[in-house]
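This report refers to the structure that appears directly beneath it.
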Amino acid sequence: MNLMTTLITSLLIPMLLILISHWIPQMLPDTEKLSPYECGFDPLGNARLPFSLQFFLIAIFFLIFDLEIALLLPLPWAINSTTPKMTTIWTFTIITLLTLGLVYEWTQGALEWTKT
């Protein structure tokens, strides 16, 4: 009986929410809602306006470092494995590579917001 109640409830709640969301919204589109939005750029203006390439470089650097830091997330579980020595070696290797990459970008001036 408990399983049947749970099953019916888990089916009724989404169905009720779908029906409510179908009838409640008022569709009153205006020109602002119908116009395309391109991340702050005016879609109807000149497409050849200069933009800061530095902003995109910083964003790419952030993504690269953020994804490589994700490699360190399973570290607490890997330390308890049968070879903690290899886990420690791999961890130091990843951290060393990240540090060397950061130092290289810093010395090349890629992290400077303004060029002097």
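At pLDDT 85 or above and outside any strand (DSSP E or B): which single residue out of I18, I69 fits that description?
Numbers: I69 fails: at pLDDT 85 or above.
The unique qualifying residue is I18.
Of the residues in segment 47-63, how many are open to solvent by 100 Å² or more (accessible area, probe 1.4 Å) and modelled with pLDDT under 80?
Residues in segment 47-63 being open to solvent by 100 Å² or more (accessible area, probe 1.4 Å) and modelled with pLDDT under 80: 6 in total.
Run P84 past the list (1) surrounded by 11 or more Cβ atoms within 10 Å (Cβ to Cβ); (2) more than 23 Å from the chain's Cα centre (by Cα); (3) at pLDDT below 80 and report the number of the one that doesn't hold.
With respect to (1) surrounded by 11 or more Cβ atoms within 10 Å (Cβ to Cβ); (2) more than 23 Å from the chain's Cα centre (by Cα); (3) at pLDDT below 80, P84 is out only on (3).
Do you know which residues across segment 64-81 are surrounded by fewer than 10 Cβ atoms within 10 Å (Cβ to Cβ), under 17 Å from the mean Cα position of the chain (by Cα) and of a type in the set (A, V, I, L, M, F, W, C)?
Within segment 64-81, L67, A70, L73 meet the criteria.
Are there any pairs, at least 6 apart or on different chains, whose C-beta atoms fall under 9 Å, with the first in segment 87-104 and open to solvent by less than 50 Å² (accessible area, probe 1.4 Å) and the second of a type in the set (S, T, Y), and if so, which?
Listed pairs, sorted by first residue: T87/S81.
The values are calculated or read from the model by the stated rules, or taken from the named source; none is laboratory data. In this text the structure is predicted, and so the values were computed from the model without any measurement. As a convention, Cβ positions derive from the backbone with ideal geometry for all residues, glycine included, and neighbour counts pool all protein chains shown. We work out accessible area using only protein heavy atoms, side chains counted, and drop any ligands, DNA or RNA first. Shrake-Rupley method; radii C 1.70, N 1.55, O 1.52, S 1.80 Å.
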